[in-house]
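The values are calculated or read from the model by the stated rules, or taken from the named source; none is laboratory data. Because the structure is a prediction, the values reported are computed rather than measured. Neighbour counts run over all protein chains shown; Cβ positions are idealised from the backbone, glycine included.
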Amino acid sequence: MNIYLIVQVTLPFLLLFLSFFLFLTQKQKIRLQNIIDNYKNAMLQANIEAEENIRLKISKDIHDNIGQLLGLAQINMYSLTNELSGSFRISRIMRDTIKIIDRVAQDIHHIGHELNDDHIIAAGFIEIVRNYLDSINISKGIKAQLDIEGPPRQLSKEKEINIFRIIQEALHNILKHADATKITIKFIYKIDSLHLIIADNGKGFDMKSVDLSKGIGIKNLYQRTELLNGHLNIQSMPDIGTTLFFSFSIPSYN
């Protein structure tokens with residue numbers, strides 16, 4: 001009888017203690033997970049900032065060194081053309097060479113701008129994406145188009161730069177692997193979200209037989225998307241093409 005009374009008295013306290021212990025344990029798990037998530041985000045941010053610093057250095061080197069050397073080469077070629085104007089064949093070769101140097105100089109100029117975050121912000125997000133697609137149309141002979149649904153919205157500097165880098169990475173993968181003849185980028189602006197669709201008509205792949213976690217390009221896409229608290233969904237079919245679906249939260253309309 002005494003044991004029964006003891007159990008009756010102590011059992012509620014034991015249950016209360018157990019509940020409190022489980023509560024603390026769960027709270028510790030949540031705190032630990034938050035620490036891990038914050039660490040991962042900090043590492044992602046550090047890696048991306050280091051990458052952007054390297055891009056900026058390359059951009060400045062292109063402008064200060066390679067661009068100036070190409071400009072000097074153009075001047076020398078013009079001088080040689082004038083000196084050798086008596087020979088039609090040589091003059092034609094020189095003029096063609098000048099055109100090639102001019103084209104290389106323009107391409108390097110565009111690359112330097114695309115690597116420079118400040119230029120992306122100054123030129124405007126939509127405009128820099130449009131220019132990037134135009135350069136692909138001209139240099140690669142691929143039909144690349146931009147579609148916009150809904151009124152474009154002003155995004156934060158960090159978000160614009162990272163989304164542009166996502167587009168660059170995705171298009172680099174397409175040009176390298178897909179054998180596509182058409183690329184479509186579509187921005188869909190919603191009340192509080194931005195959806196980005198990047199589609200190609202290339203050779204595609206079997207989703208069941210490919211481990212997407214092993215590709216460096218795909219990893220970069222996921223990392224930048226994660227840094228923006230966004231979501232990425234990939235769909236692909238052999239001989240049909242690949243479509244990337246991104247979604248990002250953006251400030252609601254005022």
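Descriptive notes on the structure:
- Qualifying residue in the stretch 218-231 (condition: among the basic types (Lys, Arg), assigned to a strand (DSSP E or B) and closer than 14 Å to Ile163 by Cα): no
- Residue within the stretch 203-215 that is basic (Lys, Arg), assigned to a helix (DSSP H, G or I), at pLDDT below 90 and under 17 Å from the mean Cα position of the chain (by Cα) present: no
- The residue that is surrounded by the fewest Cβ atoms within 10 Å (Cβ to Cβ), among those in the stretch 135-183 that are of a type in the set (Val, Ile, Thr) and in contact (Cβ under 8 Å) with a residue 40 or more places away in the chain, is Ile148.
- Restricted to the stretch 161-202, and to residues there that are assigned to a loop (DSSP other than H, G, I, E, B) and either at pLDDT below 90 or over 14 Å from Ile136 (Cβ atoms) (or both), the residue that is farthest from the chain's Cα centre (by Cα) is Ile191.
- The number of residues in the stretch 145-172 that are over 15 Å from Leu228 (Cβ atoms) and aromatic (Phe, Trp, Tyr) comes to 0.
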